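Contents: one structure, followed by commentary.
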Amino acid sequence: MKLVHRAFRLVAGAVFAITAASAHAAGLKVVTTTEDLASLTREIGGDRIAVDSIAKGYQDPHFVEAKPSFILKLHAADLLIVVGRELEIGWLPPLLQQSRNANIQPGSKGYLDASLTVKILDIPQGQITRAMGDVHPSGNPHYWLDPGNGRRIAQAVQGKLSELQPADAAFFAQRFADFDKRLADAEKRWDAMLAPFKGTKIVTYHRSWPNFAERFGLEVMGYVEPKPGIPPSPQHTLDLIAEMKKAKATIILVEPYFDTKTPLSVAWETGGKVVVMSPSVGGEKEITDYIHLFDYDVNLLLGALKGTGK
Ligand SMILES: [Zn+2]
């Protein structure tokens, strides 16, 4: 009996030692709110950190259903990286509170708001109230869709990881330099592909694409939503159809988590085309990382633009 007990203790001790060793080898435990931030963080951290994201790329990041597993992830995290600009305001604050993890609360060393060092568009002027139904009260939170901002996020992540895990600072710096170069090469490719379509007027469902449009010289002339976060209304849809006909706009970009009923009827009325385009890593199974997100979207959009006969 005594022997069995001792053997059990030995096994349990070994299991604990293995768990502790692997946890140590994995380094910082990073939780990001979105898969885009997770991908950019992996680019910098490589195998020296562990990264997990809360929202999936096929979900509307404004409205994520809270699950108990998210609280456990947050409880164990050393670092939380958020998109900010109130993107996560509908679901993150209660999870963060219930995580009982003082290290990752806003203002703590283990909290990184990625929006603080990027270029933000659509910053509202004057008094804004939530009664207006606008889910973008602090500027447009879909800013990661400009690769220039992706680079800025990666750099901020490099700074934060180096601060929290200084022994690997040189490794993180080298990973950033490598990502920066691969991204710059990819940007040349995307620019060349979309260059012939500069100035093309497009419509988007939600205001997810201002940074993408600005970066690649497209002009967003209207939205299927009357306001960010407000579903289409009959009057707004009629106005949009009239404006699209006037502007000869034919492309309607729709994020994968929206109903295509209204966009399809707008396309029918205008002779346009609905393009379901993912704003996030993980939105389609081919979109495995940040650079693949643009590869996928630029190719998809290019096919649609060519199809319009322009
Ligand atoms: Zn939004």
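The values are calculated or read from the model by the stated rules, or taken from the named source; none is laboratory data. Owing to the predicted nature of the structure, the values given are computational and were not obtained by experimental measurement. Please note: Cβ atoms are built from the backbone with ideal geometry, for glycine as well, and neighbour counts cover all protein chains shown. When the accessible area is computed, the model is the full protein with side chains, heavy atoms only, and any ligands, DNA or RNA have been set aside. Shrake-Rupley method; radii C 1.70, N 1.55, O 1.52, S 1.80 Å.
Some points to look at:
- Using the Karplus relation 6.51 cos²θ - 1.76 cosθ + 1.60 with θ = phi - 60°, the per-residue 3J(HN,Hα) values for region 137-147 come to x, 10, x, 6, x, 8, 5, 5, 7, 10, x Hz, with x marking Gly and Pro.
- Each residue, Ala170 and Lys109, gets one label point 7 Å from its Cα in the Cβ direction; the gap between the two is 2.3 nm.
- Here region 51-134 exposes an accessible surface that is 54 percent carbon and sulfur, computed with a 1.4 Å probe and the other protein chains kept in place.
- Entries in Lys160/Lys273; Lys56/Lys273; Lys67/Lys261; Lys181/Lys245 that, when Cα-Cα distance is taken, lie over 32 Å: Lys160/Lys273; Lys181/Lys245
- List Glu286, Glu65, Glu88, ordered by accessible area with a 1.4 Å probe, largest first: Glu65, Glu286, Glu88
- Heavy-atom surface of the chain, accessible at 1.4 Å and reported per residue (Å²): 49
- Over the chain, the ratio between the Cα radius of gyration and 2.2 N^0.38 Å evaluates to 1.15.
- Degrees between helix 2-26 axis and first principal axis of the chain (Cα, 0 to 90, nearest 10): 40
- Nearest 10 degrees, 0 to 90: helix 234-247 Cα axis against the chain principal axis: 70
- Against the chain, whose longest principal axis is taken from its Cα atoms, helix 35-45 shows a tilt of about 50°.
- Interchain or long-range residues, amide H under 5 Å from Leu253's placed H: Val203, Thr204, Tyr205, Val275
- Within the shell of other residues whose beta carbon sits under 14 angstrom from the beta carbon of Ile49, the net charge comes to -1, with Lys and Arg scored +1 and Asp and Glu -1.
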